[in-house]
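Asks: Have a look at this one.
FYI, it's all coordinate maths here, none of it is from the lab. As the structure is a computational prediction, the values presented were derived from the model and not from experiment. Reconstructed Cβ throughout: ideal geometry from the backbone, glycine too, with neighbour counts over all protein chains shown.
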Amino acid sequence: MHHSLSVTTLLILVALLSGLVISPIHAEESTAVSRNDDPPPGVEQLLPRGRIAAVFEPVFVTAEQAEIADDAWVLGVAIGDEARAYSLNLLNSHEVVNDVVGGQPMAAVWCPLANAGLVYDRRVDGKEIELEASGALMQASLVMRDRQTDSWWPIMTGEALAGPLEGQPLTELQVSEKATWADWKTRYPHTTVLSVEGREHVENNPYDNYFTSEGTFRGLEIDDERLPPKTPIFAFWLDGKEWAVPHRAIEGGVMLDAGNQRVFIERATGAAIFASSHGWRVETGSDIDAARAALAQNELEPLEGFDTFWYSWVAVHAETELLP
């Protein structure tokens, strides 16, 4: 099996990260018939739609068959009795996988520029849609389009910005975990692993320098100075408001008051930037011990949110309340 990104993909990513756009030698284009290719306000088209080729008919191998290093990072999904693993390095070239797990039509989504991994229900307004990268960005974060209506779906808002489904929300499913392959397969030994053209993982990651630098994508600037732009955060919606908390403030687990709502948010102490954070609503007056006990009994309601960079989030949500 090959363990490197294609030359075409590397050229595209290097060009984007350096602020340039080039035409690749060959790439699989979307077969969707686009009825409106003009991006809506606030969205910048950088590549042709479908140039970052989403996966529509995923193929999987067993954990035993998968050729993937133990320290590789995956986006893991568990629904019912089924579990999936999608290598983040492999997703760099695809960003969206249309899948069905545990009978649930869903899309596994990875935006490396925003350090955001999400899972969406692909059912909108009673109909199933297929999602793909649009080739456009909103403030350095992925904007998707669906094949059925050509609507525009920024991950930073979670709802259609333009198109026939404008204003319709995508339901974020709290069923995923970014983890190392070793950790994920230990927890879910029956997991299957995405395989694209015989590859479950690629070693090269053209975003390595981006993740270790303080620089934003193409030098994007924000007016908000409450945090350094590239600060990793857990961002969430609660009672109609946007909230954010830096990773460093939630290591080991903390209890916070988000307005009138008590929340419990945690991530592992010393966790790598790719690791997932999680948050839940808790009862007023609860302490961490009570929250952990309720969590063990599956009694807590998860927050709707995800990990990302401060600049990617606040550039879209200027009214964000910053915790703690």
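Asks: Being free of Cβ contacts under 8 Å to residues at least 12 places away in the same chain and more than 26 Å from Ser87 (Cβ to Cβ): is that true of Glu225 here? Give the steps one after another, and end with the answer.
Replies: Working: free of Cβ contacts under 8 Å to residues at least 12 places away in the same chain: yes; more than 26 Å from Ser87 (Cβ to Cβ): yes.
In short, yes.
Asks: Tell me the strands (runs of 3 or more DSSP E) entirely within the stretch 92-198 that contain at least 3 residues that are more than 16 Å from Ile52 (Cα to Cα).
Replies: Values: elements: 96-101, 104-111, 116-121, 131-137, 142-146, 152-154, 176-180, 192-195.
Output list reads 96-101, 104-111, 116-121, 176-180, 192-195.
Asks: When the stretch 83-114 is examined, which residues are found to be out of contact with any Ser or Thr (no Cβ under 8 Å at 6 or more places or on another chain) and among the charged types (D, E, K, R)? Quick ask: steps written out before the conclusion?
Replies: Step one: list which residues in the stretch 83-114 are out of contact with any Ser or Thr (no Cβ under 8 Å at 6 or more places or on another chain), which gives 86-91, 94-107, 109-110, 112.
Passing the criteria: Glu95, Asp99.
Asks: Moving to a separate point now. Here is a check on your reading of the model: is Val245 surrounded by 13 or more Cβ atoms within 10 Å (Cβ to Cβ), in contact (Cβ under 8 Å) with a residue 40 or more places away in the chain, farther than 19 Å from Ser312 by Cα and in contact with a strand residue (DSSP E or B) (Cβ under 7 Å, 6 or more places away or on another chain)? Please lay out each step first, then the result.
Replies: Details: surrounded by 13 or more Cβ atoms within 10 Å (Cβ to Cβ): yes; in contact (Cβ under 8 Å) with a residue 40 or more places away in the chain: yes; farther than 19 Å from Ser312 by Cα: no; in contact with a strand residue (DSSP E or B) (Cβ under 7 Å, 6 or more places away or on another chain): yes.
For Val245, the condition - surrounded by 13 or more Cβ atoms within 10 Å (Cβ to Cβ), in contact (Cβ under 8 Å) with a residue 40 or more places away in the chain, farther than 19 Å from Ser312 by Cα and in contact with a strand residue (DSSP E or B) (Cβ under 7 Å, 6 or more places away or on another chain) - is not met.
Asks: Let me ask something else about it. Considering only the stretch 269-324, state which residues are polar (S, T, N, Q) and either surrounded by fewer than 22 Cβ atoms within 10 Å (Cβ to Cβ) or over 19 Å from His247 (Cβ atoms) (or both). Walk me through it before giving the result.
Replies: From the stretch 269-324, those polar (S, T, N, Q) are 269, 276-277, 284, 286, 297-298, 308, 312, 320; that's our starting set.
Matches in the stretch 269-324: Thr269, Ser276, Thr284, Ser286, Gln297, Asn298, Thr320.
Asks: Related question: Conditions first: (1) at positive phi; (2) surrounded by 14 or more Cβ atoms within 10 Å (Cβ to Cβ). Gly219 passes all but one, so which condition is the exception?
Replies: Result: Gly219 passes all but (2).
Asks: For the list (1) under 24 Å from Thr157 (Cβ atoms); (2) in contact with a strand residue (DSSP E or B) (Cβ under 9 Å, 6 or more places away or on another chain), I need the number of the one condition that Ile288 fails.
Replies: Exception for Ile288: condition (1).
Asks: What are the residues in the stretch 304-322 that are more than 20 Å from Leu170 (Cβ to Cβ) and part of a strand (DSSP E or B), if any?
Replies: Across the stretch 304-322, the qualifying residues are Phe309, Glu321, Leu322.
Asks: Of all residues being free of Cβ contacts under 8 Å to residues at least 60 places away in the same chain and either of a type in the set (Val, Ile, Thr) or surrounded by 22 or more Cβ atoms within 10 Å (Cβ to Cβ) (or both) in the stretch 123-143, which is farthest from Tyr207 (Cα to Cα)? Just the residue, please. Quick ask: steps written out before the conclusion?
Replies: Step one: of the stretch 123-143, the residues free of Cβ contacts under 8 Å to residues at least 60 places away in the same chain are 123-129, 142.
Now restrict to residues that are either of a type in the set (Val, Ile, Thr) or surrounded by 22 or more Cβ atoms within 10 Å (Cβ to Cβ) (or both): 124, 129, 142.
Values: Val124: 32, Ile129: 29, Leu142: 15 Å.
Only one residue fits best here, namely Val124.
Asks: Restricting to the stretch 199-222, and then to whatever is within 19 Å of the chain's Cα centre (by Cα), of a type in the set (Ser, Thr, Tyr) and assigned to a loop (DSSP other than H, G, I, E, B), can you tell me which residue is nearest to Asp70 (Cα to Cα)?
Replies: Checked the stretch 199-222; the qualifying residue nearest to Asp70 (Cα to Cα) is Tyr207.
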